[in-house]
Every structure is written in structure tokens, then in C-alpha cells.
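Contents: one structure, followed by commentary.
We did not get these values from a lab; they are worked out from the coordinates using the rules stated. These numbers come from a predicted model, not from an experiment. Cβ placement follows ideal geometry from the backbone for every residue including glycine, while neighbour counts extend to all protein chains displayed.
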Amino acid sequence: MYVLHYAPDNASLIVRLALEELAVPYRAVLVDRAARQQDSAAFRALNPAGLIPVLETPEGPSAETGAILLWLTETHGVLAPAPGQPDRGAFLKALFFVANTLHSDLRLVFYPEQYVGDDRGMQQRLHGAVTARLQRHYRLLDDLAAAQPGYFAGSEPGVLDLYVAVTMRWAQLYARMGAGWFDGAAFPHLRAMATRLEGRASVRAAQRAEGLGETPFTAPKPCRPPEGSALG
């Protein structure tokens, strides 16, 4: 059985959704961010970087969202093109774009003080520059979703769908300087993908586990989890 070390509405949500889609047994263990449990010796033994999520596997603990997703798809042979398939390279390019570029830029918007300190003016300038860049990122992904290449935005979701939909949720909720910069209607193909996901059993399971509400991707509200907190 896998063990997912998670915090509500954190990057671990993406991994939870993938595990639910795979229908594999797993146990979720809360990392209480309000108590800074991610800095504890026990958690650092699993991931020295102190970042959530961690997935304990038969091969040992794995960290980094994109790496966990890639390992799961290769281990179980679904939710992404397999090595050797024609779409494999394009899928990897898109996955690493989301993990390394989109997700990283969102962190600048969510935690500006970690990058420019407490100066409000500098935070506002950072917000403006990065959200303009994020608009371009989502436009590229919307164009990809329009093409429905087979590993993204099709009738059956893959890990890329799950990852992008969760980032869309966060973009509408957690920007420190205001979330009005993101309008889901501006990305109709991504919005259609997110709407389809909201009908999945995997998403309903995550809704119950983390208190995500009825429309977690298309009209999200702050989570009300039965344990832990999205903040910390």
C-alpha cells in the first residue's frame, strides 16, 4: 500500500487524484503545515527538502510532484503515454512545462515575500510581471487542450489533466495580491476539461477527503478540510 504524506489543497492533491484514478490502495497521512510538521526530523527523513508531497512506495519515498506522477504512470502503465509510444516525448515536454514553469511561477504569486521580502511595492510589481507570464502559460495549455492530443483534455483524463486543473483552482484562490488576474472563461478548452473532471469519482473522493466543495476547479472556494489546513 502506498502512503501519501499530504496537506489539504497542496500539491499532494494532484497525487491523491492520480492515486484515485488508478484505484490503487493508499493511506493518506496529514502533514500539519500550521504546526510546521514539514520541518520535523521525521518528515525530513522522507524528503530532506521539506516539501509536500511525499509518496512512500515499495522502492522507497518519492518526492517532487512531477516525479511522483511520472513514476506512477510508468509503474501502472496508464494515465500517460508509455515509454516508446509516439506521444511520449510531447507528453514529457508538457508535464515538465507544467511542473517546472507553470507551477514554479504560481509559487511566486502565492508566496511573494519569499522572493522579494515584505516590500508591498515590490510584491505588486512581481505579481504583475508573473501573472502576465502565467496568462501566456495557460494560453499555451489551452491551445494544447484544443488539439486533444490523446494524453491531455480527452475523454479519459491523464496526470497532465489532473495537474493543470489543480493549478487552475489555486490560481483562482491563493494569489497573495489578488486572484482577479485569472479568468477561466479566457481558457475555454481548459475550462471544459476541468468541468469534465468535476464529474469523476476521483475528484469526488478528493472533495470529501480535503473539503474542496462542489466545483473545485471551475468555481472553487477555499477548502474546509476535516483535518489540517491549506495554510501554514
When only residues in the range 202-215 that are more than 22 Å from ASP32 (Cβ to Cβ) and touching a helix residue (DSSP H, G or I) at 6+ places or on another chain (Cβ under 8 Å) count, which is surrounded by the fewest Cβ atoms within 10 Å (Cβ to Cβ)? GLU214
Which pairs have Cβ atoms under 8 Å, sit 6 or more apart or on different chains, and link a residue in the range 212-232 that is farther than 29 Å from PRO188 by Cα to one that is among the basic types (Lys, Arg) and surrounded by 14 or more Cβ atoms within 10 Å (Cβ to Cβ)? GLY228/ARG33; SER229/ARG33; LEU231/ARG33; GLY232/ARG33
Quick one: how many residues across the range 1-12 are over 22 Å from THR75 (Cβ atoms) and in a helix (DSSP H, G or I)? 0
Elements of type helices (runs of 4 or more DSSP H) contained in the range 114-201, each with 2 or more residues being in contact (Cβ under 8 Å) with a residue 60 or more places away in the chain and surrounded by 14 or more Cβ atoms within 10 Å (Cβ to Cβ): 159-173
Filtering the range 68-105 down to residues that are out of contact with any helix residue (DSSP H, G or I) (no Cβ under 8 Å at 6 or more places or on another chain) and small (Gly, Ala, Ser), which residue is farthest from ASP143 (Cα to Cα)? GLY77
The range 144-172, subset within 10 Å of PHE217 (Cα to Cα) and not hydrophobic (A, V, I, L, M, F, W, C), residue nearest to the chain's Cα centre (by Cα): THR167
